[in-house]
Amino acid sequence: MRPDRMMWGAGLILAGAVLTGLLLNRVTGLTTLSWAVALAIAVAACAGGVLVGRGRGAARTSAAPVADGCADAVKPAPVRRIGFHFSPVTTGFLLLAAVLAGGAVWLANASAGWQHSPGFAQLWLTPATDTTSTLGVRDNFPGQQTFRLVLRGNGGQVLGAWDLSLAEGEAWQRTVARPAGSTLTATLGLRGQALRVTS
């Protein structure tokens, strides 16, 4: 097999895999079943192409009929075997492809560590008993953050307020009184935004 054909074949396989993934993502989504069906269709198409190519090649190379008197005079022609050698152009393309593939792998691994989550905060207010509730805050923002937590009852009456300074991964929790038949509302303020829960 010629080296240039090997290079083109490998490139077509990679391009086909990328295009198949894009098509499946748009049509059915990237699932195990969709990939299995796509690979089965690709294998069947390749097998059919190989069979058709071999059939045409056999038809072209079939020997022409030879007269009986000349059959002994016909001798097979020597076939020159071409060694498996890379041309300078093919070698350059292969090296360029290897460099690009290595650079792509390195960039994928490096960029995975560059992605930073913006972070988030959690606020909960859950009934604990008939007269108490559990109020809590968890900080998942990077670094140290300051929160303003306000607890209100019916009619917007302020029942408690706290200024919380939490690091990433830290949580604050407290049991608060909840009068019978009343509704509590907790508001957590940070960076001009507010979270609100009612229980």
Problem - Length gained when the stretch Ala128-Ser182 is fully extended (0.36 nm per residue, less Cα-Cα span) - result: 18.0 nm
Handout entry: Gyration tensor verdict on segment 121-198 (Cα atoms; rounded if a/c is under 1.5, prolate if a/b is larger than b/c, oblate otherwise)
Key = prolate
Exercise for the section: State the extension gain, in nm to one decimal, for the chain segment bounded by Leu14 and Val52, taking 0.36 nm per residue of separation less the distance between their alpha-carbons. Expected result: 11.3 nm
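FYI, it's all coordinate maths here, none of it is from the lab. Bear in mind the structure is a predicted one, so any value in this text is a computation, not a measurement.
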